[in-house]
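Visitor: Just passing along the structure, written as structure tokens.
Read-outs: derived from the displayed coordinates by stated rules, not from any lab. Computed from a predicted structure; not experimentally measured. Virtual Cβ from ideal backbone geometry, glycine too; neighbours counted across all protein chains shown.
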Amino acid sequence: MKKLYIGTNWKMHKTLGEGKRYCEWLAAYAKEIHSQIDLFVIPPYTAIYPLKETLKDKPVRIGSQNMHWMDEGPYTGEISPLMLTEAGIDLVELGHSERRQYYNENDADLSKKVKAALDHHLTPLLCIGESLIEKQLSAGPETVERQLKMALAKVEKAQAGEVQIAYEPVWAIGNEGTPASPEYVEQMHRHIRQVLIRLFGKDTANIIPVIFGGSVNTENYLSYLKLKGVDGLFIGRAAWDIETFREILAGITCWLNKKQ
Ligand code: PGA
């Protein structure tokens, strides 16, 4: 059965206490979630290890919001793949648009990060997406193509199946964002799949999950999930609150049960 990847990035939100309360709820709620759902939570660094403990033996993965490509070195403020694997996690988000926008994250550095993640058996969740001006000038497809080509340039075909992609149009993210239409999302996911096929061949490209994010909420989550080529959802604000995340997870579980 093909997995559906549903996860949340907390960005710079939630203290350790708040994160623990959330994950205690998630640990108790996990048994009600459909087994096809691969659930993940990406908290701030300081919460990674304690929350991994809170979710011990539960089907919820914990990830990191970023990572340097070196194992160690004079890089103040950075965190290495070794440190993340030692904390017991196997997922790392790379290239979120806020990191690209505020911290000069670029595709060349991302190519080193993706490779380092794979070499350390961490699943890279590579975020891509066009800006508003790129969309207005009809350059969205070229932007995601460039981002994919560069960030995946060091990935060998044999490793490519371990990569995961989050397509998040920058103009759809956050409080100022406008939700994307399902038609647009489907079209972009089709294009992303074609680029992956060109890079790695059909068989490998087809096992790479491509999930969607950007203003996913309780009103629109199913409209995206039902689209061909959307393998899951990456949710910010609507998943930070236990009530709304429960509503989304319960709705997806119900939808999956009906489909069977
Ligand atoms: P949002 O965030 O759901 O709050 O728009 C999405 C993201 O940044 O991944």
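For every residue, the table says whether it meets (1) β-branched (Val, Ile, Thr); (2) in contact with a strand residue (DSSP E or B) (Cβ under 7 Å, 6 or more places away or on another chain); (3) within 20 Å of SER64 (Cβ to Cβ); (4) surrounded by fewer than 17 Cβ atoms within 10 Å (Cβ to Cβ).
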residue	(1), (2), (3), (4)
ILE133	yes, no, no, yes
ALA151	no, yes, yes, no
ILE197	yes, no, no, yes
LYS202	no, no, no, yes
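Visitor: So which pairs qualify, if the first residue must be in the stretch 172-183 and more than 9 Å from the ligand (Cβ to nearest atom), the second must be among the hydroxyl-bearing types (Ser, Thr, Tyr) and part of a loop (DSSP other than H, G, I, E, B), the Cβ gap must be under 9 Å, and the two must be at least 6 apart or on different chains?
Guide: If the second residue must be among the hydroxyl-bearing types (Ser, Thr, Tyr) and part of a loop (DSSP other than H, G, I, E, B), the pairs left are THR178/SER215; ALA180/SER215.
Visitor: Look at GLY229 and say whether it is closer than 21 Å to SER97 by Cβ, touching a residue at least 60 places away in the same chain (Cβ under 8 Å) and in contact with an Asp or Glu (Cβ under 8 Å, 6 or more places away or on another chain). Walk me through how you get there before you give the answer.
Guide: Values: closer than 21 Å to SER97 by Cβ: yes; touching a residue at least 60 places away in the same chain (Cβ under 8 Å): no; in contact with an Asp or Glu (Cβ under 8 Å, 6 or more places away or on another chain): yes.
Taking the combined requirement at face value, the residue does not satisfy it.
Visitor: Which one of the conditions (1) more than 10 Å from the ligand (Cβ to nearest atom); (2) crowded, with 17+ Cβ neighbours inside 10 Å; (3) in contact (Cβ under 8 Å) with a residue 60 or more places away in the chain does ALA250 fail to meet, given that it meets all the rest?
Guide: Unmet condition: (2).
Visitor: In addition: For the stretch 136-171: of the residues being within 16 Å of the ligand (Cβ to nearest atom) and without any contact (Cβ under 8 Å) to a residue 60 or more places away in the chain, which is nearest to ASP119 (Cα to Cα)? Let's see the steps before the verdict.
Guide: Step one: list which residues in the stretch 136-171 are within 16 Å of the ligand (Cβ to nearest atom), which gives 144, 147, 164-171.
Then drop every residue that is not without any contact (Cβ under 8 Å) to a residue 60 or more places away in the chain, which leaves 144, 147, 165, 167, 169, 171.
Numbers: VAL144: 24, GLN147: 20, ILE165: 17, TYR167: 23, PRO169: 28, TRP171: 33 Å.
Among those residues, the one meeting the criterion is ILE165.
Visitor: A further question follows. Looking at (1) of a type in the set (A, V, I, L, M); (2) away from the ligand (no atom under 12 Å from the Cβ); (3) in contact with a helix residue (DSSP H, G or I) (Cβ under 8 Å, 6 or more places away or on another chain); (4) in a loop (DSSP other than H, G, I, E, B), can you tell me which one ILE207 breaks?
Guide: With respect to (1) of a type in the set (A, V, I, L, M); (2) away from the ligand (no atom under 12 Å from the Cβ); (3) in contact with a helix residue (DSSP H, G or I) (Cβ under 8 Å, 6 or more places away or on another chain); (4) in a loop (DSSP other than H, G, I, E, B), ILE207 is out only on (3).
Visitor: Now for a separate question. State which residue is surrounded by the most Cβ atoms within 10 Å (Cβ to Cβ) when the search covers only the stretch 8-20 and only residues that are more than 16 Å from the ligand (Cβ to nearest atom) and either under 23 Å from PHE212 (Cβ atoms) or free of Cβ contacts under 8 Å to residues at least 24 places away in the same chain (or both).
Guide: GLU18
Visitor: Residue under question is PRO81, and the condition is that it be within 19 Å of the chain's Cα centre (by Cα), more than 16 Å from the ligand (Cβ to nearest atom), buried (at least 17 other Cβ atoms within 10 Å of the Cβ) and over 29 Å from GLU176 (Cα atoms); does it hold?
Guide: yes
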